[in-house]
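The structure appears right after this line, and notes come after that.
The values are calculated or read from the model by the stated rules, or taken from the named source; none is laboratory data. The structure presented is a predicted model; accordingly, all values stated were derived computationally and were not measured. Counting neighbours? That spans all protein chains shown, and the Cβs are built from the backbone with ideal geometry, glycine included. Just so you know, the surface numbers come from the protein's heavy atoms only, side chains and all, with ligands and any DNA or RNA stripped out. Shrake-Rupley method; radii C 1.70, N 1.55, O 1.52, S 1.80 Å.
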Amino acid sequence: MDTQLMQQFVLNDLIEYDPKLRMRKPLFKVPAFVSEIVCYEPGQVTATHHHPVQDEIWVVLEGYGEITIGEEKHAVVPSSMIYIPAGIRHGLVAAPDSRLVLLFIKTPGIPGAAGHGPSEGSALSQAANGTSSTTPVALAAGQLQLEVTDVQAEARDVIQVELRAPGGAELPAFEPGAHLAIDLPNGLHRHYSISSDWRERSRYVIGVARAAQSRGGSLFIHQHLRRGTMLRTSSPRNGFPLNTTAKQYLFLAGGIGITPILAMIRWCQANGRPWRLVYAVRSAQRAAFLETLHDMDGQFVHLHADDLAGCYFDPTPWLAQAPQGEHVYCCGPAAMMETVKAAASHRDPNTVHFEYFAAPTNDMNPLPGNEKTFMIELRKSGRTLEVPRDKSVLDILEANGIPVVSSCREGTCRTCETGVCEGAIDHRDYCLTPQEQQDGRSMMVCVSRAKSERLVLDL
Ligand code: FES
């Protein structure tokens with residue numbers, strides 16, 4: 001659209017409804033503001049969300065509904081106008097017996113986005129080489145004490161949690177794809193990807209889905225985390241880095257796997273890089289951050305909801321059409337990851353990137369199993385220990401009082417990564433890159449074993 005030319009729309013001509021999801025049609029998108037018309041069938045919703053720096057005006061063209069702004073609810077009636085300041089949580093539901101049509105007008109996003117931002121990779125480079133000015137909030141090397149400053153429902157069984165430094169100090173920089181390792185008050189150690197914009201240095205936002213078979217992490221967060229809770233976390237770490245030299249990106253997100261992908265899309269938007277997203281969820285009601293994604297550029301967001309489509313997501317056509325050189329980033333449940341891996345087997349493996357948050361259930365190498373016994377030698381203490389066939393290296397280290405921090409214990413989170421000085425590793429993790437596995441400098445002691453008779457660990 002040529003932003004220099006006057007444009008005129010007849011709004012009545014744009015009204016259109018979709019019984020599955022509310023219908024959104026962008027109108028203007030110019031440097032000063034963006035606008036769109038949104039049509040709701042009775043009962044359809046705009047999920048509760050907020051815009052960190054965007055003020056917003058809603059003009060009600062026709063119909064009835066109810067808007068929630070902060071803690072308050074207000075009736076939505078025809079010919080009314082609603083102003084929503086930046087940073088205020090808001091959501092809307094159309095009345096059960098009325099269609100609703102709204103005109104949205106918003107100020108632009110974070111200054112510097114969409115072509116006005118920092119030069120390519122500049123913030124990433126700062127983050128990588130530690131040149132950002134950071135007010136110290138660290139407890140010890142690599143550790144932070146953060147306060148939960150907001151907890152909000154984002155979709156069914158998904159909440160977003162905002163973390164800030166007490167007193168509002170600037171936080172350490174992070175790259176898109178990074179995560180925080182969090183020590184929960186119930187003693188568990190869990191990893192959560194950061195979904196917020198890497199240019200925001202005052203907060204980290206994580207998304208947490210209530211896992212159907214939670215082992216105590218996500219359930220605890222959903223039930224007990226409140227504003228004011230203090231958490232000990234790692235500094236941001238990145239096991240799923242974005243290749244910033246790619247020409248374009250295909251993002252495949254499954255469920256809560258959207259969190260690192262969202263941060264990557266923010267970077268693409270800010271740097272004018274082409275991207276497209278397939279967001280696969282079991283139910284449309286579980287699709288978190290959908291408002292945020294549509295606000296960034298809805299035309300490149302393809303939502304696959306199993307309950308609406310009547311089938312599981314099939315990545316094959318998306319990967320078959322993906323041009324060579326397009327980098328694929330996939331994060332989601334193990335079953336989806338395996339499907340994507342198979343569908344991407346014809347592509348250059350250096351252009352296909354995965355982040356697991358659970359090991360596949362058909363794990364080829366479960367423990368205990370038909371394994372061989374091997375020896376580990378601890379370089380610093382000189383101790384030698386035997387790892388029997390039915391125990392992991394981590395089991396043996398813990399049994400001998402050698403502390404190794406662990407979390408998933410299934411090779412996905414990278415918490416227990418341990419340096420290896422000598423020996424051939426039998427890698428069984430889902431987090432090292434093929435190159436890292438080939439280099440053989442470290443292993444996940446919770447799952448990986450030895451090909452050789454002996455491994456020398458950097459412990
Ligand atoms: S504890 Fe997560 S990879 Fe070992």
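Looking at segment 443-459 only, could you name the residues that are open to solvent by less than 50 Å² (accessible area, probe 1.4 Å) and more than 11 Å from the ligand (Cβ to nearest atom)? Within segment 443-459, Arg449, Ala450, Ser452, Leu455, Val456, Leu457, Leu459 qualify.
Tell me which residues, restricted to segment 189-213, are touching a residue at least 60 places away in the same chain (Cβ under 8 Å) and within 16 Å of the ligand (Cβ to nearest atom). Result: His189, Arg190, His191, Tyr192, Ser193.
Taking first residues from segment 433-459 that are free of Cβ contacts under 8 Å to residues at least 12 places away in the same chain and partners that are open to solvent by less than 60 Å² (accessible area, probe 1.4 Å) and within 16 Å of the ligand (Cβ to nearest atom), the Cβ contacts under 8 Å between residues at least 6 apart in sequence or on separate chains come to Glu436/Ser442. Somewhere in segment 52-72, is a residue over 21 Å from Leu290 (Cα atoms) and touching a His at 6+ places or on another chain (Cβ under 8 Å)? No, segment 52-72 has no match at all. Would you call Ile221 surrounded by 24 or more Cβ atoms within 10 Å (Cβ to Cβ) and under 30 Å from Pro323 (Cα atoms)? Judged against the criteria, Ile221 is not a match. Being open to solvent by less than 70 Å² (accessible area, probe 1.4 Å), at pLDDT 90 or above and acidic (Asp, Glu) holds for only one residue in Asp314, Asp395, Asp363, Asp390, and it is Asp395.
The residue that is surrounded by the most Cβ atoms within 10 Å (Cβ to Cβ), counting only those in segment 174-187 that are in contact (Cβ under 8 Å) with a residue 40 or more places away in the chain and within 16 Å of the ligand (Cβ to nearest atom), is His179.
Filtering Val161, Val148, Val101, Val93 for residues that are modelled with pLDDT of 90 or more, in the same structural domain as Ile69 (by TED's automatic domain parsing) and not in a loop (DSSP other than H, G, I, E, B) leaves a single hit, Val101.
With the condition being in contact (Cβ under 8 Å) with a residue 12 or more places away in the chain and within 23 Å of Ile37 (Cβ to Cβ), I'd like the strands (runs of 3 or more DSSP E) fully within segment 231-312 carrying at least 3 qualifying residues.
301-305
For beta carbons closer than 8 Å, sequence separation of 6+ or different chains, a first residue in segment 1-18 that is among the charged types (D, E, K, R) and a second that is part of a loop (DSSP other than H, G, I, E, B) and at pLDDT 85 or above, the qualifying pairs are Asp18/Glu41. Residues in segment 38-71 that are in contact with an Asp or Glu (Cβ under 9 Å, 6 or more places away or on another chain), farther than 14 Å from Arg89 by Cα and not in a loop (DSSP other than H, G, I, E, B): Cys39 alone. In segment 418-440, the condition of being polar (S, T, N, Q), in contact with a strand residue (DSSP E or B) (Cβ under 8 Å, 6 or more places away or on another chain) and within 11 Å of the ligand (Cβ to nearest atom) is met by at least one residue. Looking across segment 1-43 at every residue that is under 24 Å from Ala287 (Cα atoms) and modelled with pLDDT under 75, the one that is most open to solvent (accessible area, probe 1.4 Å) is identified as Lys20. Counting the residues of segment 63-88 that are surrounded by 15 or more Cβ atoms within 10 Å (Cβ to Cβ) and among the small types (Gly, Ala, Ser) gives 2. Among residues of segment 406-430 that are over 27 Å from Met336 (Cα atoms), those with a Cβ under 6 angstrom from a residue that is open to solvent by less than 20 Å² (accessible area, probe 1.4 Å) and near the ligand (Cβ under 8 Å from one of its atoms), sequence gap 6+ or separate chain, pair up as Thr418/Val445. Filtering segment 392-417 to residues that are within 11 Å of the ligand (Cβ to nearest atom) and part of a helix (DSSP H, G or I) leaves Val393, Leu394.
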